[in-house]
Amino acid sequence: MRLERGKGFPPLGTPSLYWLGQAGFWIDTGRHRVIIDPYLSDSLARKYRGRKHPHERMMPPPVTVDELPEPDLVLITHAHTDHLDPDTLGPLHERFNKVPVVVPAAIEHVAQERIGHGARLVAVDAGDRLKLAEGLELSVFPAAHEEREVDEEGRHLFVGYGLRTDNFSLYHSGDSVPFADLDAQIRRFAPQIALLPVNGRDKQRRADGIPGNFTLDEAIHLSRDCAFLVPHHFGMFAFNTIDADLIDAAAGMVTSPDPAIIRPVAGDHIRIVT
């Protein structure tokens, strides 16, 4: 397998990744089209205008909801608005109201409110495995957005997803930090591509109510058995990012057994060649 950079939105049916910004991706398996955690609006900028962290976008949306082709599946990792955005998912549901949306069962009611009445929700929890279509299998992993949280029924509020397709296997952690057993679970799943946040965390952000994620070094370590690491969750909000030059520097220093680091570029795609 190799990853190749391509210009613009990928041609439909081409196995590829298209970064939507933050943790969002359009994933084309060659047979199926999957969207995960799309944030294509300015809803957070409106919500936090005039506050300490105004949530102004550093990058415009690379594509609008109206420009998106119909997906076969939407995946949501948790309820934070940059992952479960009513101003993105509501209009998407209005256009494509039959598309199933996979959400953590612990936030199903929140998802229904934000996406809209009649949304076809598929409620899951960590440990679930689903065959969603011929050639498309989904595994659900726990995640810890600094903390590994569950509801009163023991269902996880934060999850990640593993996709196994005819062409490749991929793991998207959602927002997470390292925690006990995550490394072993990912090694058992054995993804070829890891999509991991790299914006890190610190005491000041935590004090401000902004839970953090893997550092770049932690993401490299977690994905050490993968062929490729595609970092994300940077370049969106000035208070919660990492300099892209640091990602590029790490990519230039990678040696075996570390994964090749492919930094996504908004507006362009990454073709998956098998």
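The values are calculated or read from the model by the stated rules, or taken from the named source; none is laboratory data. For clarity, every value in this text was computed on a predicted model and none was experimentally measured. Here the Cβ positions follow ideal geometry from the backbone for every residue, glycine too, while neighbour counts run over all protein chains shown. Heads up: the accessible areas ignore ligands, DNA and RNA and are worked out on the full protein's heavy atoms, side chains in. Shrake-Rupley method; radii C 1.70, N 1.55, O 1.52, S 1.80 Å.
What the table below lists for this structure:
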quantity: Residue match in segment 150-160 (condition: out of contact with any strand residue (DSSP E or B) (no Cβ under 6 Å at 6 or more places or on another chain), without any contact (Cβ under 8 Å) to a residue 40 or more places away in the chain and either more than 16 Å from residue 79 (Cβ to Cβ) or surrounded by 23 or more Cβ atoms within 10 Å (Cβ to Cβ) (or both)); calculated: yes
quantity: Flag if residue 101 is more than 24 Å from residue 156 (Cα to Cα) and among the hydrophobic types (A, V, I, L, M, F, W, C); calculated: no
quantity: Number of the exception - residue 6 against (1) more than 19 Å from the chain's Cα centre (by Cα); (2) open to solvent by 30 Å² or more (accessible area, probe 1.4 Å); calculated: (2)
quantity: Residue 82, sole failed condition from (1) outside any loop (DSSP other than H, G, I, E, B); (2) open to solvent by less than 30 Å² (accessible area, probe 1.4 Å); (3) of a type in the set (D, E, K, R); calculated: (1)
quantity: Positions within segment 236-252 being within 16 Å of the chain's Cα centre (by Cα) and open to solvent by 20 Å² or more (accessible area, probe 1.4 Å), in sequence order; calculated: 241
quantity: Helices (runs of 4 or more DSSP H) fully within segment 178-230 counting 3 or more residues that are open to solvent by less than 50 Å² (accessible area, probe 1.4 Å) and closer than 26 Å to residue 127 by Cα; calculated: 182-189, 216-222
quantity: Among the residues listed as 230, 273, the single one being at pLDDT 95 or above, in contact with a Lys or Arg (Cβ under 6 Å, 6 or more places away or on another chain) and β-branched (Val, Ile, Thr); calculated: 273
quantity: Residue satisfying condition, being in contact (Cβ under 8 Å) with a residue 24 or more places away in the chain, among the β-branched types (Val, Ile, Thr), in contact with a Ser or Thr (Cβ under 7 Å, 6 or more places away or on another chain) and surrounded by 15 or more Cβ atoms within 10 Å (Cβ to Cβ), within set 102, 65; calculated: 65
